[in-house]
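First comes the structure, then the notes that go with it.
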Amino acid sequence: MTKPDNASPVAPSASRNARRQSLKSIRWKAARPMLFAAVLISVLYLALAALVIAVDPHNVYRWGAEPRIEAGDTPRDLVIDWIDVAAKDPSYNTFLVGSSITAMYTPEYMREILGPDTNAANLSYGGPRPIDRDLVLDRLVDNPAVKRVILTYDWTYMEGADVANRGFPTFLYDDDITNDLRMVNPPTIRRTFDILRGKTTYSNPDDAGYDAYIENMYARFQSPPELSRIKRMVERNRTGITQSSGKTCDSFTALNEQLIPDLQKLSARGAQVDILFPIVSYAFYYVRRNDISPTLLDEQMVARRCLVNAVADLPNVSIFALDNDPTVAGDLANYREVGHIYNPAILRRFMMAIKNGSDRVTRENIAEYEEEIRTAVKDYDPNRDYTDLRLVVPDL
Amino acid sequence: MIFTDPLFLFVFLPIVLITFYTISHFAGKNAALIVLFVSSIIFYIPHSWFSVALLIIALIVNFVIALAITFMDDEDKRRKRLYLAGQAYNFLSLCYFKYKIVSLLFGPSGGVLVDIAGIAIPAGISFYTFHQAAFLADAYGREKNVLQFLGKLSSPKAMVSAFCRYGAFVSFFPQLIIGPITYLSEFNPQIQSKRFLRLNPIDLAVGLTFIAIGMFKKVVIADNLAPTVDVVFSAANVGAEIHPVQAWIGALAYMGQLYFDFSGYSDMALGLARMFGLRYPINFFSPFKANGIIDYYRRWHMTLTRVIARFLYTPLSVAGTRYAMFNRLAPIPAHLLSLWIPMLVNFQIIGIWHGALWTFVVFGLMHGFWFALETEVRASKWYRNFSKDKNRLFIGFLERAVFFLPLLLSLAMFRSESVAGGFHLFSQMFGTSFDAPSAFNMRYPVMMLGIAFSIIYLCPNSVELMRRYRPAIMTYDNKSYGPAFLRRLWRPGWVQAAYMSVLVLAALYYVSRQPPFLYQGF
């Protein structure tokens, strides 16, 4: 007689459970490194995010360390993270909102020319586009301490109102707090720890590098092969340079929807607004029609005319231009690139124009100004020698 | 929200995961699926409330129609009408809200349809519309999963529960915005399985690995190629002279950007779904390693290919073949009706699916003709004899060499801002503007291209890397190409965890300057 196998209905289940348990523990053991790494990265990231948001190194919130820019510093391309640091600082009363064309103006330089009451911050950065420039201007509109805004009205205002600089951290300046976690990057973390260590002022370490960059750019541009190449491009693009774009003032959405409303608000508040037409060379219209627009000259002229007419009745708003002087815009020796002025005397003359109110473009003379530019560009001879003409630079 | 957003990765995802597994433990499957549905709606809210409302309306319409046609008799004539009405709703709303065909293709003179130009395209509308269209077709065809999925609807509570299940199926966030377009027959068996809801740490590890790889592809590679692409294509759009080398770099950079953008998204979608214990169909399987356009479409956006083939190509081809047979047409017209015309229509729809732009129309034409031509060549006696005698390696190289250039050119057209801009870019690529001004500094883009194309051609794709863990449902049976000795198997371990951490940290470094996924716009 065999012993009844009472264990048989139970044993498989028990062994199944044991197997399941063992499989489970093997799985947990195998997955442990990945889970550990994921948890570690998540915890570290969230901890750093909490720290960054609490310290607020970019001064975007109401709380935090409220860091300041070191007196006399020019943040240049780093400025995109520092807009609020400057814009919310009540000690600044003058702001320059421009692009790479105006990045070389230092606060001391502006004070020297515009007067001792000027405490200026240069918020110029490379390649601004309508959306981000509007965000910057919005911040100045909201700042009651602003007495003067100097801004450049360049070709990027021809672009649509929805175009943004790809590298600009719009998430810092929009109303959506949920995307602010994206500010947690190495420079911001470094800045946060600097602040925690007691360094609550920003400073830009790239002054020497920037100067070297400008000098190299100038030397490269002035080299005979480069100048010959520019001259060849001018000749190649001469046909159709005066071509009409068919654009009207309604075509410029960034101007109508963003810039003009901001100018109206600043003007109504009594802030002085000085708008500069960038001093691009006449060669610029030939060379850059290649990649900006085939009707660049006409579009620029129409856009400038629209701006002049739109702000003509606004008190405290002035527009300045120097490019109708052939000794400035015709002579490539003044440039480090067809759209970037290099000659310090001309840079100075620009600031002097703002101070003295000279070289203004108004509703009354815009037609004449436009005609001068159109003619000068049309008849532009890149081989012309300008040494016989004296560049006029007013004294202080 | 987008997958690479830190808010999504470090806040939303952990909260949803913990809630999902906790609720599933205490309240069961239906409650867990409600968590997935609700969290998907929360995920979708940042895209706009209007989009959320449109999604929910689409869900209700399709769910109600699916219920009705499931429980109606086949003899009931209203069943077919109702089904067609449902599909009409899907495709008309897609055309109305996404394509804006009247106003975009033919200018703002489309009468009553002009107002549509003012509405932003709801994110993911084409994906969830195709998703639901396939579900309705399954319901109409009495696919066995539909009845099981809907369950017994004896009470309002059961009805709500079924709707939430359906909502989870259609709008589950890993696939809501950019796919893959999943069939119910792929989703339902998984949620019916006993393994569903069981927290499996391997699923988490596999999912995390996919997320790390996908994030690296998107943020580090695709987004770093993007500035070069933008410069070259916007210059081409205004008819600029471009140095031929830079024109080629721009076109190649777009190829790389599109590849890594979509591949990165697809990896992240698979990984996210896997963390919830779900496997989704593969959407992307080394398409640039394909040996021709036919092979390419079995590897690129595979779930879209199969949906279009199911709803469009197959019916058209069958109808064309029948017509030719009944009317005893000569071989050439019969062939045109059964292959060429269905193929051209198929690719035109694939092109236009991306948006109402003429560049997509031209892209669709290019791929349609190419696909039909390759089908003919591969079926020809000449090609079979030619390839039979030659070394397989030689044939492989030859096929890829022939495949590469048309693919590059068609993708360049796809990216161009206008057809004229596309053709202008071609002219610059093959032109002699060696005197043109340099549009960008070449060192960085060339380095990025080197990295991108080395990964594309030498490395295994993430599904191959993770094949030990059956990471996804195979949409098509594809061969693995590339050097076999590099086709390593991934296993969870400390070394792999360190690699993945490096990928994530590199991606986080770049994430603060990061634009959305390209396919989000389609």
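Read the figures in this text as sums done on the coordinates, not as results from a lab. Remember, predicted model here, so these are calculated numbers, not experimental data. For neighbour counting, all protein chains shown are included, and Cβ atoms are generated from backbone atoms with ideal geometry for every residue, glycine included.
Counting Cβ atoms of other protein chains within 10 Å of each residue's Cβ and taking the mean over peptide B:434-444 gives 2. The translational diffusion coefficient of segment B:205-521, from Stokes-Einstein at 20 °C and 1.002 mPa s with a Kirkwood hydrodynamic radius over alpha carbon pairs, comes to 101 µm²/s. Under 5 Å between amide hydrogens, built in the peptide plane, is the criterion, and for A:Leu276 it picks out A:Leu151, A:Thr152, A:Tyr153, A:Phe320 among residues at least 5 positions away or on other chains.
Looking at segment B:120-153, the trypsin sites (Lys or Arg not before Pro) that sit in a DSSP loop and have at most 14 other Cβ atoms within 10 Å of their own Cβ are B:Arg142, B:Lys152. Working from the Cα coordinates of segment A:33-124, the gyration tensor eigenvalues give, after taking √(5λ), semi-axes of 37, 15, 8 Å in decreasing order.
Here is the link list: B:Lys289/B:Lys381; B:Lys218/B:Lys289; B:Lys98/B:Lys218; B:Lys29/B:Lys218. Which ones come out longer than 27 Å on Cα distance?
Beyond 27 Å: B:Lys29/B:Lys218.
When the Cα positions of B:Tyr457, B:Asn237, B:Ser438 are compared along the charge dipole of segment B:205-521, B:Tyr457 comes out farthest toward the positive end, with charges on each C-beta of Lys, Arg, Asp and Glu. Give me the Debye-computed log₁₀ of I(q)/I(0) at q = 0.15, 0.18 Å⁻¹ for segment B:368-522, equal point scatterers on Cα only, no solvent, two decimals. Once normalised to I(0) and log-transformed, intensities are -1.32, -1.47. Spread over its residues, the convex hull of the C-alpha atoms of segment A:134-219 is 193 Å³ per residue. Around the amide H of B:Ile473, modelled in the peptide plane, lie the amide H atoms of B:Tyr280, B:Ile282, all under 5 Å away and 5 or more residues distant in sequence or on another chain.
Considering only the Cα atoms of the protein assembly as shown, their convex hull presents on average a projected area of 50.4 nm².
DSSP beta bridges in chain A, what fraction antiparallel, as a percent rounded to 5?
On the way: 3 of 21 bridges.
Around 15 percent of the beta bridges assigned by DSSP in chain A are antiparallel ones.
Given 4 °C and 1.567 mPa s, compute D for segment B:436-485 with the Stokes-Einstein relation, Rh being the Kirkwood radius over Cα pairs; round to the nearest whole µm²/s. D = 95 µm²/s.
Look at the stretch A:24-34: the mean tally of other chain Cβ atoms within 10 Å of its residues' Cβ atoms is 6.
Here, P(r) means the percent of Cα pairs in each 5 Å bin from 0 to the largest distance; for segment B:321-372 it is 5, 24, 22, 16, 13, 11, 7, 3. Over segment A:198-273, the hull volume per residue, using the convex hull of the C-alpha atoms, is 205 Å³.
I'd like the mean, over residues of A:36-45, of how many other protein chain beta carbons sit within 10 Å of each residue's own Cβ.
Neighbouring Cβ atoms belonging to other protein chains average 6 per residue here.
Bridgeable aspartates and glutamates around B:Lys157 (alpha carbons under 12 Å apart, same-chain partners fewer than 8 residues away excluded) are absent. Helix A:224-236 sits at what angle to the longest principal axis of chain A, using alpha carbons and giving 0 to 90 degrees rounded to 10? That works out to roughly 80 degrees. With the convex hull constructed from alpha-carbon coordinates only, chain A shows a mean projected area of 30.8 nm² over all directions. Taking the DSSP bridge list for the protein assembly as shown and keeping only pairs wholly inside it, about 15 percent are antiparallel. In segment B:191-248, the alpha-carbon atoms span a convex hull of 126 Å³ per residue.
Derived value for segment B:6-199: Kirkwood hydrodynamic radius 17.9 Å. Basis is the mean of 1/r over every pair of different alpha-carbon atoms. For chain A, lysine pairs separated by 8 or more sequence positions, or belonging to different chains, with Cα-Cα distances below 17 Å total 4.
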